[in-house]
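The values are calculated or read from the model by the stated rules, or taken from the named source; none is laboratory data. Since this is a predicted model, take the numbers as computed values, not measurements. FYI the Cβ positions are ideal-geometry reconstructions off the backbone, even for glycines, and counts take in every protein chain you see.
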Amino acid sequence: MIFRSCAGGVVFHEDRVFIMKNDKNEWVLPKGKIRDGFLASETAIERVKEEAGLDVDIISTAGETSYEFYSFSRQQPVCNEITWFIMDSKDTSYEINKEYGILDGGFYNIDEAIDMITYSQDKSLVSLSYRKYVKLKEKETILA
């Protein structure tokens with residue numbers, strides 16, 4: 001089995017989260033493989049920028065998920081282990097990069113996004129991350 005370390009972002013703007021539809025018609029979060037010499041945080045920011053054209057700031061870690069699939073091109077199973085970061089987008093302007101196989105995307109209110117997201121662990125990730133995001137933003141407001 002091939003093990004790949006990946007990183008991604010749970011991107012919020014106020015009460016909305018960014019999700020995108022991939023070429024398998026799955027609603028997912030932006031993520032990608034961590035290349036040699038790069039930190040997980042750098043990879044997450046880079047992938048969000050490349051896939052969605054979003055300028056973001058990391059405000060916290062969100063946790064980790066993993067999944068396995070069979071790679072027909074490599075003729076063996078692959079396990080992706082993803083480190084997630086909670087991110088704050090400066091605005092809601094985005095640009096889907098179709099070269100990455102992204103068909104659609106956008107900012108959706110949390111409940112709508114959770115209904116749309118394909119995988120249950122991503123649904124849980126968004127739900128838990130949003131609660132943490134709200135608490136962090138409240139602290140930020142109090143301290144400002």
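A compact table of results
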read-out	value
Residue check, Thr43 buried (at least 21 other Cβ atoms within 10 Å of the Cβ) and not aliphatic (A, V, I, L, M)	yes
Filtered residue count, the stretch 40-85, keeping only those that are without any contact (Cβ under 8 Å) to a residue 24 or more places away in the chain and touching a Leu at 6+ places or on another chain (Cβ under 8 Å)	0
Qualifying residue in the stretch 104-120 (condition: out of contact with any Ser or Thr (no Cβ under 9 Å at 6 or more places or on another chain), of a type in the set (S, T, N, Q) and free of Cβ contacts under 8 Å to residues at least 40 places away in the same chain)	yes
Some residue of the stretch 91-101 being under 13 Å from the mean Cα position of the chain (by Cα) and closer than 22 Å to Glu50 by Cα	no
Residue ID - modelled with the lowest pLDDT, chosen from residues in the stretch 65-89 that are of a type outside the set (Val, Ile, Thr) and surrounded by 14 or more Cβ atoms within 10 Å (Cβ to Cβ)	Asn80
Boolean, Val126 is at pLDDT 95 or above and either within 16 Å of Arg4 (Cβ to Cβ) or not hydroxyl-bearing (Ser, Thr, Tyr) (or both)	yes
Whichever residue in the stretch 107-134 is assigned to a helix (DSSP H, G or I) and hydroxyl-bearing (Ser, Thr, Tyr) and, among such residues, is farthest from Asn22 (Cα to Cα)	Tyr133
All strands (runs of 3 or more DSSP E) inside the stretch 11-100 with 3 or more residues being within 21 Å of Arg131 (Cα to Cα)	16-22, 56-71, 76-89
Verdict on Leu54 being under 24 Å from Ile34 (Cβ atoms) and surrounded by fewer than 16 Cβ atoms within 10 Å (Cβ to Cβ)	no
Qualifying residue in the stretch 2-23 (condition: without any contact (Cβ under 8 Å) to a residue 24 or more places away in the chain and closer than 18 Å to Ile114 by Cα)	yes
